[in-house]
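Novice: The structure follows.
The values are calculated or read from the model by the stated rules, or taken from the named source; none is laboratory data. Since we're looking at a predicted model, the values are computed, not measured. Glycine also receives a Cβ, built like all others from the backbone with ideal geometry; neighbour counts cover every protein chain displayed. Only protein heavy atoms, including side chains, enter the accessible area calculation; ligands, DNA and RNA are left aside. Shrake-Rupley method; radii C 1.70, N 1.55, O 1.52, S 1.80 Å.
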Amino acid sequence: ENNPTLDYGAPGPIVHFMEHFYSNEYNEALKQSILRIPTELTLWMLNRVINALDDERKSEFISLLREVES
């Protein structure tokens, strides 16, 4: 959030590292970050979470993506 234009790579080692911690806590922290200050990286991470989900939370995160889109 403090460096929204910093290029971490695509997706880069930081994203791959963070994906090892997929959990409700990770997803909630990502959601809160996006609600505060959506950045290109956090929106991309959200998209990766959406692609990995197959439960009711998938629609919740798609709604979040649409919310910050406008």
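Novice: Considering each residue of region 11-70, count those that are open to solvent by 50 Å² or more (accessible area, probe 1.4 Å) and more than 13 Å from E1 (Cα to Cα), and give that number.
Specialist: 29
Novice: Quick one: what pairs do we get from region 26-41, first residue free of Cβ contacts under 8 Å to residues at least 60 places away in the same chain, second part of a helix (DSSP H, G or I) and among the hydroxyl-bearing types (S, T, Y), C-beta under 9 Å, 6+ apart or different chains?
Specialist: Short answer, once both residue conditions are applied: L30/T42; S33/T42; I34/T42; T39/S33.
Novice: Another question, then. Take the conditions modelled with pLDDT of 85 or more and either among the aliphatic types (A, V, I, L, M) or loosely packed, with under 11 Cβ neighbours inside 10 Å (or both) and apply them to L6. Does it pass?
Specialist: no
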